[in-house]
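Quick note: the coordinates plus some simple rules give every number you see, no bench work behind them. Nothing here was measured: the structure is a model prediction, and the numbers come from that model. FYI the Cβ positions are ideal-geometry reconstructions off the backbone, even for glycines, and counts take in every protein chain you see.
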Amino acid sequence: MTAPTKRPPPVTHEVAELANTVMEAVASRVVGQQETLRQLMVSVLCGGHCLLEGVPGVAKTLMVKSLAEALGLRYGRIQFTPDLMPSDITGTDVLEQSPDGSRHTRFLPGPLFTEVLLADEINRSPPKTQSALLEGMQEGHVTVGGHRHLLPTPFLTLATQNPIEQEGTYPLPEGQRDRFLLMIRVGYPSREDELAVVQQTTAVVLPVVAAVTTRETLLSAMEIVRAVPIAEHVLAACVDLTRRSRPQDPQAPAWLSPLVRFGGGPRASQALAMAAKATAAMEGRPAVERADVRRCAAAVLRHRLVLSFAAESEGITADTVVERLVEETFT
C-alpha cells in the first residue's frame, strides 16, 4: 500500500511579508485604523467581500482606494443612489453599425468589471440593483441580455454603509449580508491620529501610494492561505461557535433565544475557518490556533445575527451577543 504523499508546509512567511508590506504602504496615506486595515487584508487574502460600516469622514473610501493601489489591482468605484439601475453597474448591449451597413450588438462593460470594487453607500440602491451586484459577488459573472459575462479574478467587493442616516436607504437583506465574509466597524480615530490626519491632509504635498506587489503574487498568497492546515478541534470550534448562535439548535445557551431570532448559517462556519487561516498566515504561523478564531469571530458573525425586538429595545447589539458566545465557547 502506497503511503499518502505528505504535503510541504505552506510558506506563510511569504504571506506575512506581503501583508506587512501592503499595510505599511497604505499607512503612508491612511493614519491610524490599523485594525480595520488588518481585517481588510484578511478579507482580501481569503478572496472574500467585505462590508465596512462607519460614520462619514473616517477614511473608508480612502482606505479601500489606497489598498487597491498598493496591491496593484484595478480599482473602480460606484456611488450608489436610489435611481441607480442594474445596467448602470453591470453594463449593457449597444447597437453598432458596420461600414457595410450591417448592424450588430456589442457588450459595453459597466464599472462592475474591475478587480477591487468600492460599492460606496451600498444601502442607498434599490433591491433590483443590489441583486445585480449580488450575482457578481456570488457567481463571479453577470448576466445581460441572456448572455453571461465573467468578471476578472480576483473580484473583491468592498462596500460601505452609513449607520446614522437611514432616510432614503434600502437595508441589505439577510441573504446579501451573508455573502460578505466580514463586516468591519470603522470608528473615530484617536486624538493623536486625528491631529496627524489634519496635518497631513492640509499640507502642500499629499502622500502617494505605489504598487508594492502584483496580481500574480497576490493570487499565489491566496492559494497559500487556503493551504494553511487547521486542526480538527479548531475546525470544531468554528462550527460549534456558529451553531451556538442559532436559538433553535440544541447547543445554543438558554439566554440566547430571547435575544436572537436567527443565527449564522454554514457559510459563517466557512468564513470563520477561512478568516482564521488568513490571520495565522499573516503572522507567519504554519497552522491555525483557536485564538485566531476568537479574533475573527465578531467581524464574521455580527452581520449574520438577526436580533429580536426585545434585544434591540434593550440596546443589546450583535457584538455583545457574539462576545458572550465566544467567551462561553472558548473557556
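Can you find, within the range 290-331, the residue that is nearest to the chain's Cα centre (by Cα) among those that are farther than 22 Å from Ile184 by Cβ and part of a loop (DSSP other than H, G, I, E, B)? Of everything passing the filter in the range 290-331, Ser308 is nearest to the chain's Cα centre (by Cα).
Please verify whether the range 153-176 includes one or more residues that are farther than 25 Å from Met23 by Cα and of a type in the set (A, V, I, L, M). Yes, the conditions are met somewhere in the range 153-176.
Among residues of the range 92-113 being among the polar types (S, T, N, Q) and in a loop (DSSP other than H, G, I, E, B), the one that is nearest to Leu218 (Cα to Cα) is Ser98.
Within the range 48-68, the residues that satisfy the criterion of being surrounded by fewer than 19 Cβ atoms within 10 Å (Cβ to Cβ) and either without any contact (Cβ under 8 Å) to a residue 12 or more places away in the chain or part of a helix (DSSP H, G or I) (or both) are Gly57, Thr61, Leu62. Across the range 291-331, what is the number of residues that are within 25 Å of Val228 (Cα to Cα), without any contact (Cβ under 8 Å) to a residue 60 or more places away in the chain and surrounded by 15 or more Cβ atoms within 10 Å (Cβ to Cβ)? Residues in the range 291-331 being within 25 Å of Val228 (Cα to Cα), without any contact (Cβ under 8 Å) to a residue 60 or more places away in the chain and surrounded by 15 or more Cβ atoms within 10 Å (Cβ to Cβ): 6 in total.
Scanning the range 81-91 for residues that are in contact with a strand residue (DSSP E or B) (Cβ under 6 Å, 6 or more places away or on another chain) and either in a strand (DSSP E or B) or under 26 Å from Pro163 (Cβ atoms) (or both) gives Ile89, Gly91.
When the range 134-177 is filtered for residues that are acidic (Asp, Glu) and assigned to a loop (DSSP other than H, G, I, E, B), the ones remaining, listed by number, are Glu165, Glu167. Being out of contact with any Cys (no Cβ under 9 Å at 6 or more places or on another chain), more than 17 Å from Thr12 (Cα to Cα) and surrounded by 15 or more Cβ atoms within 10 Å (Cβ to Cβ) holds for only one residue in Leu218, Leu235, Leu272, Leu182, and it is Leu235. Condition (residue is touching a Phe, Trp or Tyr at 6+ places or on another chain (Cβ under 9 Å) and over 24 Å from Glu135 (Cβ atoms)) applied to the range 79-96: is it met by at least one residue? Checked against the condition, which is being touching a Phe, Trp or Tyr at 6+ places or on another chain (Cβ under 9 Å) and over 24 Å from Glu135 (Cβ atoms), the range 79-96 yields no hits at all.
Within the range 38-47, the set of residues being surrounded by fewer than 21 Cβ atoms within 10 Å (Cβ to Cβ) and at negative phi comprises Arg38 only. Filtering the range 131-154 to residues that are surrounded by fewer than 20 Cβ atoms within 10 Å (Cβ to Cβ), out of contact with any Asp or Glu (no Cβ under 9 Å at 6 or more places or on another chain) and in contact (Cβ under 8 Å) with a residue 40 or more places away in the chain leaves Ser131, Leu134, Gln138, His149.
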